[in-house]
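The values are calculated or read from the model by the stated rules, or taken from the named source; none is laboratory data. All of these numbers come straight from a predicted model, not from anything done at the bench. Here the Cβ positions follow ideal geometry from the backbone for every residue, glycine too, while neighbour counts run over all protein chains shown.
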Amino acid sequence: MKILVGIPTYNNSRSNYSIRQTLEALSNQTIKDFYVLIVYKPSPGDRTLDVVSEFKDRLDIEVKIQSYGFFEEAMNIIFETSKDYDITLTTDDDAIPSETWINEHVIFHKNHDRIAIVHGITIPATHYCYEHLRTVKLLINYYKPLIKLMVNYSNFIINDIGLLTCKGKEPFNGNANTHDYELDIGIRGVNMSFKSGPYIDGFSLPGYTIRGICNEQLLALHYLKQGFNAASFNGGAVRHLERESLSRPKDPRTAGIEEYLLPYSVHYYGFKINMRKLKLYYNLVRLYSKIRKTPLSKAYRAGLELAIEAIENNYEPKEIRSRLIEFLSERQ
């Protein structure tokens, strides 16, 4: 079995080259036969490549230079490479996988033919299920899944207006006494694996965001379209250091607006969005933002507004990104 580990990295010098700990952990894996791909976007004064070179004798490792774009373009390089592999794992340049990380992901895929994309235990567990306006959402049937395959998903789903939402439970992050996995689309790239080869062929991210928020959900939808499932499983632990990174902004407004742009990309991939309900929900969020007047609620409103405009006017992804950059620069 051919195994790929993909790691996007940018300006890792700001975290004192935490990627050294990531690569050290990979060099100590119980499985030795795997290939590491570093997708590196250069930045002034950064010496990440010097750190990577320290591991040339301990890991089968290659660096591909990202010459343009943002996080989505980095992930697209990994997806393109993964077509030549059976299983692909991804993590961040500030994450430390456990020694059995790769082995546990591989075993899970071998044992579950119909689950194509999974997320392992992440420490600390930060993907909590917090829902504002929950009572109102219940009244408008907000938790209706986008497709029937997600009806039995235990926690995170994409609803029929194209947003990532949850059913009110705490995130599954490992509970060996009850079950070893839950069907769940709340995948996170810091600890993700997916069946590759022909299953990934033809998929790429559209390039409409800056931080790539919810890119994992788009990949999961690619597999659900093929009849596969997504899951979180009780294994493959990764410790995630806390810092701003290529995909994790310090400013919550960046994540907020990108998360609420998700209906556009769901529509872009050919899924049917309930536009009437999406507009109704937008009006509720707009009212909420006027009452609360918080930067985050305004970001949610802006994301939904742009998503609706983009769907109705068939905007190309690059136009969305341009508008997003403009919105964020106005708020510096």
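Things to note:
- Residue selected from segment 181-212 under the condition acidic (Asp, Glu) and surrounded by fewer than 24 Cβ atoms within 10 Å (Cβ to Cβ), by the criterion nearest to ASN229 (Cα to Cα): GLU182
- Failed item, numbered, when TYR199 is tested on (1) modelled with pLDDT under 95; (2) of a type in the set (Ser, Thr, Tyr); (3) within 20 Å of the chain's Cα centre (by Cα): (1)
- Residue selected from segment 18-74 under the condition assigned to a loop (DSSP other than H, G, I, E, B) and hydroxyl-bearing (Ser, Thr, Tyr), by the criterion nearest to ASN103 (Cα to Cα): THR30
- Cβ-Cβ contacts under 6 Å between residues 6 or more apart (or on different chains), taken from a first residue in segment 292-309 that is surrounded by fewer than 17 Cβ atoms within 10 Å (Cβ to Cβ) to a second residue that is among the small types (Gly, Ala, Ser), are listed as LEU296/GLY256.
Let's see how each residue does on (1) within 22 Å of GLU72 (Cβ to Cβ); (2) assigned by TED's automatic domain parsing to the domain that holds PHE156:
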position	(1), (2)
PHE203	yes, no
GLU258	yes, yes
PRO263	yes, yes
HIS267	yes, yes
ILE273	yes, yes
LEU280	no, yes
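- Residue within segment 96-103 that is closer than 19 Å to LEU218 by Cβ and of a type in the set (Val, Ile, Thr) present: no
- Figure legend. Inter-residue proximity from segment 13-27: first residues in the same structural domain as GLY45 (by TED's automatic domain parsing), second residues surrounded by 15 or more Cβ atoms within 10 Å (Cβ to Cβ) and of a type in the set (Gly, Ala, Ser), beta-carbon distance below 8 Å, spacing 6+ or different chains. Indicated pairs: SER15/SER245; THR22/ALA95; ALA25/SER98.
- Filter pass, TYR300 being at pLDDT 95 or above and hydroxyl-bearing (Ser, Thr, Tyr): no
- Scanning segment 250-282 for residues that are crowded, with 19+ Cβ neighbours inside 10 Å and without any contact (Cβ under 8 Å) to a residue 40 or more places away in the chain yields a total of 1.
- Of everything in segment 26-83 that is of a type in the set (Gly, Ala, Ser) and surrounded by fewer than 20 Cβ atoms within 10 Å (Cβ to Cβ), the residue that is farthest from PHE194 (Cα to Cα) is GLY45.
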